[in-house]
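> Okay, here's the structure, questions in a sec.
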Amino acid sequence: MDADFSHNPNDLERLYNACKFQGAGIAIGSRYVKGGGNVNWPKERIILSKGASVYTRVITWMPVKDPTAGFVCYKKEVLETINLDEIHFAGYAFQIEMKFAAWKLGFKIIEVPIIFQDRKLGISKMNKGIVKEGILGVLKLRWDALFRSYRRRVKKTSVADAVNHFSQNMVVEGK
């Protein structure tokens, strides 16, 4: 949630209810579902944001209309399941990667419509580095999901699971 009130604190309850009562592992405050939107945002930022959302959906096949959204409610179970040491991106790409990891791990995602109000104070963190990370990061996520065991990498394993895995793969020689 943005601390500059771009995200309306009154929407927190709707995000919480989507997790608590509708079975979501993640509830996303979404600008790009029916009833959502942006207020006082320059056209360039809307084009960049919507373009990033479409690009992410096309590349990853993730069924989320606002994957760069930062107004998100995660169930405790989701955060305990994701191996946060394997989440490598920052900024908007971080938002995408967290949603992608949760989706790949089978958690239900619900998008709750919100109205995003552009900040009245401060400046945007958007820069070329963030855009580059978003473009390349999304490609990397898809590549890893296609050719590597992405689920296994981002799923946190308990110590007991690691011990069981090790003992099952251990060969003991007897003389």
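> What do you reckon, is S49 closer than 13 Å to F116 by Cα, surrounded by 11 or more Cβ atoms within 10 Å (Cβ to Cβ) and out of contact with any helix residue (DSSP H, G or I) (no Cβ under 7 Å at 6 or more places or on another chain)? Full working, then the answer.
Values: closer than 13 Å to F116 by Cα: yes; surrounded by 11 or more Cβ atoms within 10 Å (Cβ to Cβ): yes; out of contact with any helix residue (DSSP H, G or I) (no Cβ under 7 Å at 6 or more places or on another chain): yes.
Yes; evaluated as a whole, the condition is true for this residue.
> Considering only residues that are under 13 Å from I110 (Cβ atoms) and surrounded by 18 or more Cβ atoms within 10 Å (Cβ to Cβ), which ones fall in the range 12-35?
L15, A18, C19, A24, G25, I26, A27, I28, G29, S30
> K99: under 24 Å from K156 (Cβ atoms) and surrounded by 15 or more Cβ atoms within 10 Å (Cβ to Cβ), yes or no?
On the way: under 24 Å from K156 (Cβ atoms): yes; surrounded by 15 or more Cβ atoms within 10 Å (Cβ to Cβ): yes.
Yes, satisfied.
> Filter the range 64-96 down to residues that are β-branched (V, I, T), closer than 16 Å to V154 by Cα and not in a loop (DSSP other than H, G, I, E, B), then give me how many there are.
Kept after step one, since they are β-branched (V, I, T), are these residues of the range 64-96: 64, 68, 72, 78, 81-82, 87, 96.
Pick out the ones that are also closer than 16 Å to V154 by Cα and you get 78, 81-82, 87, 96.
Now drop any that are not not in a loop (DSSP other than H, G, I, E, B), which leaves 78, 81-82, 96.
Within the range 64-96, residues that are β-branched (V, I, T), closer than 16 Å to V154 by Cα and not in a loop (DSSP other than H, G, I, E, B) number 4.
> Quick test of your reading of the structure: A145 fulfils all but one of (1) over 21 Å from A52 (Cβ atoms); (2) of a type in the set (G, A, S); (3) at pLDDT 75 or above. Name the failing condition by number.
(1)
> Any chance the range 43-63 includes a residue that's β-branched (V, I, T), assigned to a strand (DSSP E or B) and at negative phi?
The initial filter retains those residues of the range 43-63 that are β-branched (V, I, T), namely 46-47, 54, 56, 58-60.
Adding the requirement that they be assigned to a strand (DSSP E or B) leaves none.
Looking for residues that are β-branched (V, I, T), assigned to a strand (DSSP E or B) and at negative phi, one finds none in the range 43-63, hence no.
> While we're here: Please work out if T60 is in contact with a Gly (Cβ under 9 Å, 6 or more places away or on another chain), surrounded by 13 or more Cβ atoms within 10 Å (Cβ to Cβ) and among the polar types (S, T, N, Q). Even if it seems obvious, please write down each step before you answer.
Values: in contact with a Gly (Cβ under 9 Å, 6 or more places away or on another chain): no; surrounded by 13 or more Cβ atoms within 10 Å (Cβ to Cβ): yes; among the polar types (S, T, N, Q): yes.
No; evaluated as a whole, the condition is false for this residue.
> Is it the case that some residue within the range 19-41 is under 15 Å from the mean Cα position of the chain (by Cα), in a helix (DSSP H, G or I) and small (G, A, S)?
no
> Here is a follow-up. Going by the structure shown, is K120 over 28 Å from Y16 (Cα atoms), modelled with pLDDT under 85 and either crowded, with 20+ Cβ neighbours inside 10 Å or out of contact with any helix residue (DSSP H, G or I) (no Cβ under 9 Å at 6 or more places or on another chain) (or both)?
On the way: over 28 Å from Y16 (Cα atoms): no; modelled with pLDDT under 85: yes; either crowded, with 20+ Cβ neighbours inside 10 Å or out of contact with any helix residue (DSSP H, G or I) (no Cβ under 9 Å at 6 or more places or on another chain) (or both): yes.
When the stated conditions are applied, K120 does not pass them.
The values are calculated or read from the model by the stated rules, or taken from the named source; none is laboratory data. For clarity, every value in this text was computed on a predicted model and none was experimentally measured. Neighbour counts are summed over all protein chains in view; Cβ atoms, including those assigned to glycine, are modelled from backbone coordinates with ideal geometry.
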